[in-house]
Amino acid sequence: MPSNVEIKARVDSVSLFAQKASALSQSDGTVIKQQDTFFHCSQGRLKLRDFMNGSGQLIFYDRPDTDGPKLSNFSISPTSDPQSLREVLSAALGVMGEVLKERRLFLIGQTRVHLDTVEGLGDFMELEVMMRPDQTVAEGQQVAEELMRQLDVSEASLVSGAYMDLLLQKANSLQK
């Protein structure tokens, strides 16, 4: 199963972060609209990512909900009919919730850098260090920590969990 080392953090200045990521990647990044539907499952997380263009991916992943760099194991299956797949999985498993976001993707070495604007939550960044077979988790964490330094991502801005978790926490706090 492929793996990566991930971090997620809040972003105060989208333009400043984009400027730094652009300089490091030597590109303006690629804008991708995404609708992620999360389904109930007994372990890890299962989501259907709809790229809003007739294509999508079914993604299963398992990772700890901790701040800072963490290992994530994942499997991805492409689909050319995300709408029908959503209907089948919704009926079979039930929907936990949905996340709508606009992602700006930058590639820096072996790392996917995401600048996300998430509906209902705000602006975030994610680093996904795509692990090579010969790399240790510690080496992946070093890559992530060095990019955090280069992108001026502070420890205080780190976030644990998925966007879905943050949206559910927000909904629960509004109900109280």
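Taken together, the values in this text are just the output of simple stated rules run on the coordinates, not laboratory data. As the structure is a computational prediction, the values presented were derived from the model and not from experiment. Cβ atoms come from the backbone with ideal geometry, glycine included; neighbour counts cover every protein chain shown.
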Interatomic Cα distance distribution for segment 22-65, bins of 10 angstrom, percent: 23, 35, 30, 11, 0
Net charge of Cβ neighbours under 12 Å - reference GLY56; Lys, Arg +1; Asp, Glu -1: +1
For GLY29, net neighbour charge (Lys/Arg +1, Asp/Glu -1) across residues whose Cβ lies under 15 Å away: 0
Computed [θ] at 222 nm, deg cm²/dmol, the chain (DSSP H ≥ 4; -39,500 (n - 2.57); rounded to nearest 500): -9000 deg cm²/dmol
Inter-label distance, nm, simple model (7 Å from Cα along the C-beta direction), LEU93/SER75: 1.1 nm
Pairwise Cα inverse-distance average, inverted: Kirkwood Rh of the chain (Å): 16.9 Å
Pair ASP152, ILE32: separation of 7 Å Cα→Cβ label points (nm): 2.7 nm
Angle in degrees between helix 14-25 and the longest Cα principal axis of the chain, rounded to the nearest 10: 70 degrees
Cross-link reach list, lysines versus LYS8, counting only Cα pairs under 24 Å and skipping chain neighbours closer than eight places: LYS20, LYS33, LYS47, LYS70, LYS101, LYS170
Segment 56-102 and segment 20-34: distance between their alpha carbon centers, rounded to Å: 23 Å
FRET efficiency, 1/(1 + (r/R0)^6) with R0 35 Å, evaluated for SER22 and MET52 via beta carbons: 0.90
Potential extension, LEU107-GLN83 segment - 0.36 nm per residue separation minus Cα distance: 5.8 nm
Residue-wise HN-Hα coupling along segment 32-49, computed from phi with Karplus coefficients 6.51, -1.76, 1.60 (Hz; x: Gly, Pro): 10, 8, 9, 10, 9, 10, 9, 10, 5, 8, 6, 8, x, 10, 10, 9, 9, 9
